[in-house]
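Trainee: Please read through the structure below; I'll follow up with questions.
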Ligand SMILES: C[S@@+](CC[C@H](N)C(=O)[O-])C[C@H]1O[C@@H](n2cnc3c(N)ncnc32)[C@H](O)[C@@H]1O
């Protein structure tokens, strides 16, 4: 536990330097890799030695060439389930500085990242396209595993219209649309994200079946859809802001509409759980929080809804289905 961040940092810098992609399927010499990413070869070799001990890299027995192990392949950008996006987002995007300044968040209850960003997380991203691309890429990469899990866990077959509110660049809705050809989709997002989502949706051949709409979920949300999705949205916000989003969705819903809140539900005890780790990231980065089933039920009640069921997926998030009360 004491030295854990040293390991994370080595992996983050591997990603930032693009080393796994440069190695690809063919082991390369340290000299060649150092040259291609502008580093000092003897120092790079020392990091490789550590990463080899951790099972990420493997040295060729006869030469100074290094290749990727099966685990190391997960650092390549193009592999399904790649951790490249998460490493870039958390090694960059000021997440690194925010964690370094955790004490500020513990003292104030506010996201320490704002000190470095000079603004709230999503406002900062809207004004910094390169950082936004890293963040959006990390969400899309995570969704390549998460979206199939959601589509398997929840039966969308009766729906004809689905809107993904704060739907990022469209990975989740595209999985729903591909699995259910009769559904028409909508992505509702901030303008700097829809600008990335539109060409992605078009490149998947879904432009005719998916509207990409600019908007602000604190203002108003497209009305009268069968299913509303909020995937990893409520955990970005405190209870008051979450309530505003939920009330806006409640206003947009028909009596028979459903809202799917896709979030990691905390077990409510103090056992080790991925959600408790992520909860701390929400504290330092966005001022949000992960929640228990009881906390989601309380929020739903305040917004005029109720939790009708919670469906686990094979990934950390569950599908929490809300219906008008
Ligand atoms: C943690 S990401 C989740 C993205 C996606 N739903 C997923 O699960 O991969 C949160 C998203 O909320 C969007 N967002 C933040 N504030 C918003 C607002 N006021 N209106 C609409 N979308 C917003 C962000 O642009 C970002 O894409």
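Trainee: Just to check your reading of the model, which residue among 15, 34, 20 is surrounded by 13 or more Cβ atoms within 10 Å (Cβ to Cβ) and free of Cβ contacts under 8 Å to residues at least 24 places away in the same chain?
Mentor: Values: 15 fails: free of Cβ contacts under 8 Å to residues at least 24 places away in the same chain; 20 fails: free of Cβ contacts under 8 Å to residues at least 24 places away in the same chain.
One residue alone meets the criteria, 34.
Trainee: Checking residue 119 against (1) part of a helix (DSSP H, G or I); (2) more than 21 Å from residue 19 (Cβ to Cβ); (3) free of Cβ contacts under 8 Å to residues at least 60 places away in the same chain: exactly one of these is not met. Which one?
Mentor: (1)
Trainee: Let me ask something else. Of everything in the range 231-240 that's more than 9 Å from the ligand (Cβ to nearest atom) and not in a loop (DSSP other than H, G, I, E, B), which residue is farthest from residue 290 (Cα to Cα)?
Mentor: Only one residue fits best here, namely 240.
Trainee: Just checking, which of 315, 280 is more than 13 Å from residue 242 (Cα to Cα), in a loop (DSSP other than H, G, I, E, B), in the same structural domain as residue 107 (by TED's automatic domain parsing) and touching a residue at least 12 places away in the same chain (Cβ under 8 Å)? If you could, list the steps in order and put the result at the bottom.
Mentor: Values: 280 fails: in a loop (DSSP other than H, G, I, E, B).
Result of the check over 315, 280: 315.
Trainee: Still on this structure, please answer the following. Of the conditions (1) surrounded by fewer than 17 Cβ atoms within 10 Å (Cβ to Cβ); (2) within 15 Å of the ligand (Cβ to nearest atom), residue 290 satisfies every one except a single condition; which number is it?
Mentor: Unmet condition: (1).
Trainee: Can residue 135 be described as out of contact with any strand residue (DSSP E or B) (no Cβ under 6 Å at 6 or more places or on another chain) and modelled with pLDDT of 95 or more?
Mentor: Details: out of contact with any strand residue (DSSP E or B) (no Cβ under 6 Å at 6 or more places or on another chain): yes; modelled with pLDDT of 95 or more: no.
No; evaluated as a whole, the condition is false for this residue.
Trainee: Right, something else. Any idea which of 150, 212, 163 is in a helix (DSSP H, G or I), surrounded by 21 or more Cβ atoms within 10 Å (Cβ to Cβ) and modelled with pLDDT of 95 or more?
Mentor: Working: 212 fails: in a helix (DSSP H, G or I); 163 fails: in a helix (DSSP H, G or I).
Being in a helix (DSSP H, G or I), surrounded by 21 or more Cβ atoms within 10 Å (Cβ to Cβ) and modelled with pLDDT of 95 or more holds for just one of 150, 212, 163, which is 150.
Trainee: Is it fair to say residue 310 is more than 14 Å from the ligand (Cβ to nearest atom), in the same structural domain as residue 168 (by TED's automatic domain parsing) and either surrounded by 14 or more Cβ atoms within 10 Å (Cβ to Cβ) or modelled with pLDDT of 95 or more (or both)? Walk me through it before giving the result.
Mentor: Working: more than 14 Å from the ligand (Cβ to nearest atom): yes; in the same structural domain as residue 168 (by TED's automatic domain parsing): yes; either surrounded by 14 or more Cβ atoms within 10 Å (Cβ to Cβ) or modelled with pLDDT of 95 or more (or both): yes.
Spelling it out, residue 310 is indeed more than 14 Å from the ligand (Cβ to nearest atom), in the same structural domain as residue 168 (by TED's automatic domain parsing) and either surrounded by 14 or more Cβ atoms within 10 Å (Cβ to Cβ) or modelled with pLDDT of 95 or more (or both).
The values are calculated or read from the model by the stated rules, or taken from the named source; none is laboratory data. Since we're looking at a predicted model, the values are computed, not measured. FYI the Cβ positions are ideal-geometry reconstructions off the backbone, even for glycines, and counts take in every protein chain you see.
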